[in-house]
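K.L.:
Quick one: this structure, given as structure tokens, is what I'll be asking you about.
Laboratory data are not the source of any read-out in this text; all were calculated from the coordinates shown. Bear in mind that the values here come from a model prediction, so they are computed numbers and not experimental data. Note that each Cβ is placed from the backbone with ideal geometry, even for glycine, and that neighbours are counted across all protein chains shown.
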Ligand SMILES: [Zn+2]
Ligand SMILES: [Zn+2]
Ligand SMILES: [Zn+2]
Ligand SMILES: [Zn+2]
Ligand SMILES: [Zn+2]
Ligand SMILES: [Zn+2]
Ligand SMILES: [Zn+2]
């Protein structure tokens, strides 16, 4: 946390949205050593990205590129897994399993006779119009070409098998390319693209950015795939489930929560089922007691079952002056549904409150920026340094997100839906207290920070500014620590004690916020150019882009972007005791 | 883009050794898109003695795409629909190779008659029967062969005739006899 108090010279101001705020905190590289590093793969860098993996396999196994690709596609671009299979099962097994035939027939058995009989078209073909592939099977070029076209159109570009019956060998991509290129350049292009995209689609470590409209990028993650990343297009998402970044909720919790919030019926149905309109004043009235005579705050009594106005005298089985005959009901389900709904409303209201604050504060940010940009120009150097404001703002935004998601988390953590069997009632209560303690501390300090940042410090005297500066710096650091503690509590004390595997794991806390994927660099092209490009609208020097490289991804949209929540108004209900 | 020359050559090849394999392929009408294949029921199976007709449609992409085949002769078999005659056979789907021919495909269909694969059924009812009540399956398959795959099915006609003379409607008699695999006692039970 030393970053906030240190010299502010390292901080620079960027004009981007709040998600870029971590840019100010680039001097804490040693602060977090997280296992995952994300990289953006663009249309330009896709080729290079896969060349890297191809190269490793080619070097390791001394095979040619098309064999390396066949092996990698078969093993879903998991180089480590491929090497494991190689060590455990041997080369021969691995090759035949993936459909790789090493050049036994090539050259040695070259076509000697002037013509060959093609088994497919059943014609005699001059031998220079026939092609023998790695497995030794030889057919005429025109049959090969048609076979390739059919397979590509069937979407099988990545694994085009030899035409011979029961031959598992995958065709050499150079043969496919050459033969198609002669008369069908469009198909050759399509084939090329499928091969390239295989690197994204068949690869566990790489996923398309879920932005809509699609930015054309993919993200590659090294190490832990349970992480949150930001694409260079600005889209932030959970790499694991591809919805918006949602920690400290687990992916499953978030999926359930989103569905619940979207599901209008949850609330609306309850209200229609559990309230009735008063026959006199037409307000919705909730039945809150045991019997079916309800009375509205206006004084009117009516029968819950038929809605008809009645007198006030009643027993458990009848109401005076009324005999609709439906006077009986099952209490339990209604009571339970009501309790569940109120519980949901409790968490949802808080969840939404923080999301709303986030929106308001985003506006506040603009006005603060406006104010300080003026004083930056007019005041002395010490006063014109407002990096503490930027840091405070970015901490505020990050914390708001976490706070709002923490309510969705709590809804599931302490509810019956997921962990009913996992904790005893008493255990749950202890855990809930523990968590709420931390959440509240975190929350109250966030509110404090929010308030402080609203102060018109640009109009303050020097001493006052210095005072509020210190307070904000301290608070910012404190909040970071509290947030980190809350994550640790969730990971270790709450989720850690529940033995359900990794399904409820959450993306780790990052003090700097969601990791921005770095641009994959093209090694052999000029590196300087690339670095220059990345500084246009961001500073991000802590991103140490190192390795790799790449080609074109076309504009397929592969993922429907899960839209943001649809917020709902919870209707007001008059509760009347019978 | 149908390669008619290849289909043509295949037909010639087939005709040459029809006597040996018993497998025939001939055009349905004057084009080479719709063909009729004929396979003899394999010996030692309930299909023995029957001759099965298969309707063949040559797709545009042939031989790079598999020919479409279905039985027009009714047949009782786990991998062949008793309703539509559709065949569940891998080489007619994703395991097709352009190096296969109509004749080799028909040979595979013939092999399927000898070796049903009830775990990958086309007709669930037949497959269930095959697994749970093998004897009834054999009887039914044999009766269907008698009824539908033989040019002269004297025995069947005699049975039908007998029941019709007893006063039962012919259509009902035929369908019940099919269902019980030609067992006269069972058929009578059901008719009554
Ligand atoms: Zn050919
Ligand atoms: Zn081959
Ligand atoms: Zn993107
Ligand atoms: Zn997720
Ligand atoms: Zn009222
Ligand atoms: Zn009533
Ligand atoms: Zn009452």
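K.L.:
What's the percent breakdown of Cα-Cα distances in the stretch A:128-256 across 10 Å bins, shortest bin first?
P.N.:
Computed distribution, short to long bins: 12, 32, 21, 18, 14, 3, 0.
K.L.:
Right, another one. Regarding the stretch B:4-114, what's the average projected area of the Cα-atom convex hull, expressed in nm²?
P.N.:
Numbers: hull surface 26.8 nm².
Computing the convex hull of the Cα atoms and averaging its projections yields 6.7 nm².
K.L.:
Quote to one decimal, in nm, the extra length available between residue A:43 and residue A:337 on full extension: 0.36 nm per residue of separation minus the C-alpha distance between them.
P.N.:
Details: separation 294, 0.36 × 294 = 105.84 nm, distance 5.12 nm.
Working it through step by step, the gained length comes to 100.7 nm.
K.L.:
On average over all directions, what projected area in square nanometres does the stretch B:124-191 have, based on the convex hull of its Cα atoms? Each step should come with its number before you reach the end.
P.N.:
Values: hull surface 18.7 nm².
Averaged projected area of the stretch B:124-191's Cα convex hull equals 4.7 nm².
K.L.:
While we're looking at this one, here's another question. For chain B, state what percent of all Cα-Cα pairs lands in each successive 5 Å bin, counting from 0 Å until the bin that includes the largest distance.
P.N.:
1, 8, 15, 18, 17, 14, 11, 7, 5, 3, 1, 0
K.L.:
Sticking with this one: Before anything else, pin down the relative contact order of the stretch A:115-183: Cα pairs under 8 Å, at least 6 apart, normalised by residue count, whole percent. All intermediate terms of the calculation are to be shown ahead of the outcome.
P.N.:
Values: 72 pairs, mean separation 16.6, N = 69.
Over the stretch A:115-183, the number comes to 24 percent.
K.L.:
Provide the gained length on full extension for the span residue B:55 to residue B:83, in nm with one decimal, where the gain is 0.36 nm per separating residue minus the Cα-Cα distance. Kindly include the intermediate steps, with their values, before the conclusion.
P.N.:
On the way: separation 28, 0.36 × 28 = 10.08 nm, distance 1.46 nm.
Extending this stretch completely gives an extra 8.6 nm.
K.L.:
As a footprinting exposure proxy, order A:121, A:162 by other Cβ within 10 Å, with the fewest listed first. List each step's numbers first, then the result.
P.N.:
Values: A:121 19, A:162 25.
Placing the least packed residue first, the sequence is A:121, A:162.
K.L.:
Going by C-beta contacts inside 10 Å, put B:114, B:147, A:211 in order with the fewest on the left. Let's see the in-between values first.
P.N.:
Working: B:114 13, B:147 22, A:211 18.
Listing B:114, B:147, A:211 from fewest to most nearby Cβ atoms yields B:114, A:211, B:147.
K.L.:
Quickly estimate the mean residue ellipticity at 222 nm for chain B, helices only: each DSSP H run with n ≥ 4 gives -39500 (n - 2.57), and the total goes over all residues, rounded to 500. Kindly include the intermediate steps, with their values, before the conclusion.
P.N.:
On the way: 8 runs with 84 residues, N = 192.
The helix contribution divided over chain B gives -13000 deg cm²/dmol.
K.L.:
For the stretch B:124-191, what relative contact order do you get, as a whole percent, if you take Cα pairs closer than 8 Å and at least 6 residues apart? Please list the in-between numbers first.
P.N.:
On the way: 44 pairs, mean separation 20.8, N = 68.
Once normalised by length, the contact order is 31 percent.
K.L.:
Also: Given Cα pairs under 8 Å that are at least 6 residues apart, what percent is the relative contact order of the stretch B:67-192? Working shown, then result.
P.N.:
Working: 137 pairs, mean separation 28.6, N = 126.
RCO, the stretch B:67-192: 23 percent.
K.L.:
Let me ask something else. Would you order B:162, B:93 from fewest to most other beta-carbon atoms within 10 Å of each residue's own beta-carbon? Walk me through the numbers before you get to the answer.
P.N.:
Details: B:162 14, B:93 10.
Exposure proxy ranking, most exposed first: B:93, B:162.
K.L.:
Continuing with this model, one more query. Can you tell me the mean projection area, over all orientations, of the convex hull of the stretch A:184-267's alpha carbons? Units nm², please. Intermediate results must be reported in sequence, preceding the final value.
P.N.:
Values: hull surface 31.5 nm².
For the stretch A:184-267, the mean projected area of the Cα convex hull comes to 7.9 nm².
K.L.:
Still on this structure, I have one more. Report the gain in length on full extension from residue A:96 to residue A:233: 0.36 nm times residue separation, minus Cα-Cα distance, nm rounded to one decimal. Intermediate results must be reported in sequence, preceding the final value.
P.N.:
Details: separation 137, 0.36 × 137 = 49.32 nm, distance 4.18 nm.
Result for the pair: 45.1 nm of gain on full extension.
K.L.:
Viscosity 0.890 mPa s, temperature 25 °C: Stokes-Einstein D of the stretch A:115-183 from its Kirkwood Cα radius, in µm² per second?
P.N.:
Numbers: Rh = 12.1 Å.
Approximately 203 µm²/s, per Stokes-Einstein.
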